[in-house]
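Below: one structure, written as C-alpha cells.
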Amino acid sequence: MISDDTAHFERAEKLAKDPERVRRKFWLKIKRVAGSLPFTEDLLAAYYCAFDRETPRQVQAALLGAIAYFVLPFDFLPDMLPVLGFADDAAVLATAIRMVSSHITPEHRKAAHAALTRGLEDQEA
C-alpha cells in the first residue's frame, strides 16, 4: 500500500523512466514558473546535465528523478502556495544537485545561464 508520504516520490520515479515526457513537461512548467523560482539557473544546469550523453547513467537517474518531482502537478506542498509552494521541490532538487554536483560542469551552467539570458520562450517545448 502506498502512503501519502511516499506516493509523490513513486509518481516521480515512474515519470523519470520516461525522459522525453520529463523533457516536455519540464519546459512547459519552467516557462510558467521561472520568474518565481530563486533556483531557476541551478535547475536548468541540472536539466542540461541530466540530458547530457556524457553524464553517467546513475547521475542522470538521480537528476531525472528530482526533475520529475518538480514537474509533477501535485506534491507535498502545492506549487501555487506563495513562498512555500516550491520549498519541497527546492529541497529535492538541492539534495540531488549536491549528490552529483561534480558532474554538473561549467558547460551545463553556461547553457543554463544562456537559456535564461535568451529567454525561456526560445527553448524546446
Hey, what do the phi angles of region 99-112 turn into as Karplus ³J(HN,Hα) couplings, whole Hz, using 6.51/-1.76/1.60 and θ = phi - 60°, x for Gly and Pro?
5, 10, 4, 5, 9, 8, 8, x, 5, 5, 5, 5, 5, 5
Per residue of region 89-96, in order, report the coupling 6.51 cos²θ - 1.76 cosθ + 1.60 (Karplus, θ = phi - 60°) as ³J(HN,Hα) in whole Hz, putting x for Gly and Pro.
4, 4, 5, 5, 5, 4, 5, 4
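Any read-out appearing in this document is the output of simple, stated calculations on the displayed coordinates, not a laboratory observation. Values in this document were obtained by computation on a predicted structure and should not be read as measured data.
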